[in-house]
Amino acid sequence: MMEIFFETKDVFQLKDIEKIAPKEKGITSMSVKEILQSLVDDGMVDTDRIGTSNYFWAFPSKALHARKRKLEELESQFAESSQKKEALQKSIQKSKIGREDTAERAALMEELAALRQKKEQLKAEIDKYRECDPDVVEEMRQTNKVAKEAANRWTDNIFSIKSWAKRKFGFEESRIDKGFGIPEDLDYID
């Protein structure tokens, strides 16, 4: 399909391409529109609407420029990647300095592993006694205070609804308690 555009260097309408493609290039006429649309989507063929007609064109110079731009872009990415690779290799070499396997280093690594294990044991022991931590105790007190205030607020709401129901419907308090499952000893928390 691209050969049609490159050889003729002309602008075509869809119906013209549908006539030319099967004759010159052996492309089935049913697939010409799909192929042309995929070329337009890929940016290989340009299209524009003039009046009520759609025109299609592709010039060899555009394809050449697109390839040159892509090549330049890939070359710059390659150069950038090469620089990153060199920098990383230098960094690896620098990191290896002082890390040669020696008896002293092996002993220090064993000591480090032992200290890390001891640290984990101490953390586990601290977690056992966490409940006695003054900060945790204070946090529990604050949480309890908020819970107590919320419970008293709901108790107040229940008393308000009970008094409203007594005034509005004339129910007895024991009947309201029984109907809604409110315990008889419901009271504020001190």
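Name the single residue that is most open to solvent (accessible area, probe 1.4 Å) among those in the stretch 40-79 being among the hydroxyl-bearing types (Ser, Thr, Tyr) and over 35 Å from the mean Cα position of the chain (by Cα).
Filtering the stretch 40-79 for residues among the hydroxyl-bearing types (Ser, Thr, Tyr) gives 47, 52-53, 55, 61, 76.
Keeping just the survivors that are over 35 Å from the mean Cα position of the chain (by Cα) gives 47, 52-53, 55, 61.
Working: THR47: 62, THR52: 126, SER53: 30, TYR55: 64, SER61: 64 Å².
By that ranking, first place goes to THR52.
Can you confirm whether ALA150 is in a helix (DSSP H, G or I), farther than 30 Å from ILE182 by Cβ and either open to solvent by less than 70 Å² (accessible area, probe 1.4 Å) or acidic (Asp, Glu) (or both)?
On the way: in a helix (DSSP H, G or I): yes; farther than 30 Å from ILE182 by Cβ: no; either open to solvent by less than 70 Å² (accessible area, probe 1.4 Å) or acidic (Asp, Glu) (or both): yes.
Considered against the rule, which asks whether it is in a helix (DSSP H, G or I), farther than 30 Å from ILE182 by Cβ and either open to solvent by less than 70 Å² (accessible area, probe 1.4 Å) or acidic (Asp, Glu) (or both), ALA150 comes out as no.
Residue-by-condition table, conditions (1) touching a residue at least 12 places away in the same chain (Cβ under 8 Å); (2) among the hydroxyl-bearing types (Ser, Thr, Tyr):
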| residue | (1), (2) |
| --- | --- |
| LYS84 | no, no |
| GLU125 | no, no |
| MET140 | no, no |
| ALA151 | yes, no |
| THR155 | yes, yes |
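Give all pairs with beta carbons closer than 6 Å in which a residue from the stretch 37-65 that is closer than 11 Å to ILE17 by Cβ meets a residue that is small (Gly, Ala, Ser); count only pairs at least 6 apart in sequence or on separate chains.
Between residues of the stretch 37-65 that are closer than 11 Å to ILE17 by Cβ and residues that are small (Gly, Ala, Ser), the close pairs are VAL45/ALA58.
Any chance you could count how many residues in the stretch 12-48 are of a type outside the set (Ser, Thr, Tyr) and touching a strand residue (DSSP E or B) at 6+ places or on another chain (Cβ under 8 Å)? First the steps, then the outcome.
Within the stretch 12-48, the subset of a type outside the set (Ser, Thr, Tyr) is 12-27, 30, 32-37, 39-46, 48.
Those still in the list that are touching a strand residue (DSSP E or B) at 6+ places or on another chain (Cβ under 8 Å) too: 12-14, 17, 20, 36, 40, 45-46, 48.
The number of residues fulfilling the criteria is 10.
Could you grab me the full set of residues in the stretch 85-139 that are open to solvent by less than 100 Å² (accessible area, probe 1.4 Å) and touching a helix residue (DSSP H, G or I) at 6+ places or on another chain (Cβ under 7 Å)?
The answer is VAL136, and nothing else.
Considering each of GLN93, GLN83, GLN89 in turn, give the residue that is in a helix (DSSP H, G or I), modelled with pLDDT of 95 or more and over 24 Å from MET44 (Cβ atoms).
Working: GLN93 fails: modelled with pLDDT of 95 or more; GLN89 fails: modelled with pLDDT of 95 or more.
From the options GLN93, GLN83, GLN89, the qualifying one is GLN83.
The values are calculated or read from the model by the stated rules, or taken from the named source; none is laboratory data. All values reported here derive from a predicted model rather than from experimental measurement. When we count neighbours, we look across all protein chains shown, and the Cβ atoms used for this are built from the backbone with ideal geometry, even at glycine. Ligands, DNA and RNA are stripped out before the accessible areas are found, and what is left, the full protein with its side chains, is counted by its heavy atoms. Shrake-Rupley method; radii C 1.70, N 1.55, O 1.52, S 1.80 Å.
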